[in-house]
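Structure, as structure tokens:
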Amino acid sequence: MLIHSGFSLIDTYYVARLGAEPMAALTLCITVLILISSVASSTGTGLTSLIGRTLGSGDVKSADNVAWHGLVMSIVCGVLTLIIGNSTCNELLLLFGSTPETFKLSKDYLHIVFWGSTFLFIPVCMSSIIQGEGNILFPMLASLVGMGINVVLDPVLIFGFGPIRPLGLNGAAIATVLSQVISGVLIGA
């Protein structure tokens, strides 16, 4: 959870330099990001526990089965997040107190996050599987690498660099999703 919170903190640091409206928009979105991360983390915790217990009892075949079901479940959770998030985005933002000035910024940011939500669930699932097997160091290092990549991508995509045009708040969302994709690839490798 600390590493997932780190992504939001990094985004906040750079988005604050864009001004009050983008910062307010991001603040509205962080609640949704925490909800998505919490669902992914709690699902992963259950997966880690179940895999650890089945491996501890010597039932490797069942642990394998649990891992595959966990991966399928993470894909389903990502797709459901995309569908439910995109269909309720307007209502969520109004419920959280979005103003006319922040509404479009928040909505654009969240749509990018919703489209990339599967890339949050899959790395958490794969990390949980590896942790259930007893290796807690590798998933943590892969997640830290993803957070480090986010530190690099955020300013490049938010403010632009060379041929890359500035994307503002949307750049923060894209950087977060790309970092999660890279972290997932590292964990899956």
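The values are calculated or read from the model by the stated rules, or taken from the named source; none is laboratory data. Note that the coordinates shown come from a computational prediction; the quantities given were computed from them, not determined experimentally. Positions of Cβ are backbone-derived with ideal geometry, glycine not excepted, and every protein chain shown enters the neighbour counts. Each accessible area value is taken on the protein alone, full model and side chains, heavy atoms only, with ligands, DNA and RNA left out. Shrake-Rupley method; radii C 1.70, N 1.55, O 1.52, S 1.80 Å.
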field: Enumeration of residues in segment 12-30 that are hydroxyl-bearing (Ser, Thr, Tyr) and open to solvent by less than 70 Å² (accessible area, probe 1.4 Å)
entry: THR12, TYR14
query: Since SER128 meets every condition but one in (1) modelled with pLDDT under 95; (2) within 18 Å of the chain's Cα centre (by Cα); (3) within 26 Å of LEU157 (Cβ to Cβ), which condition does it not meet?
result: (3)
query: GLY70 is checked against (1) under 26 Å from GLY19 (Cα atoms); (2) modelled with pLDDT of 90 or more and fails just one. What number does that condition carry?
result: (1)
statement: Subset of segment 37-54, residues more than 20 Å from the chain's Cα centre (by Cα) and surrounded by 18 or more Cβ atoms within 10 Å (Cβ to Cβ), comes to LEU50, ILE51, THR54
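Tell me the helices (runs of 4 or more DSSP H) entirely within segment 79-189 that contain at least 1 residues that are open to solvent by 70 Å² or more (accessible area, probe 1.4 Å) and either touching a Cys at 6+ places or on another chain (Cβ under 7 Å) or basic (Lys, Arg) (or both).
Filter on segment 79-189 gives 100-115.
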- prompt: Can you find even one residue in segment 55-66 that is loosely packed, with under 15 Cβ neighbours inside 10 Å and in contact with a Gly (Cβ under 8 Å, 6 or more places away or on another chain)?
  reply: no
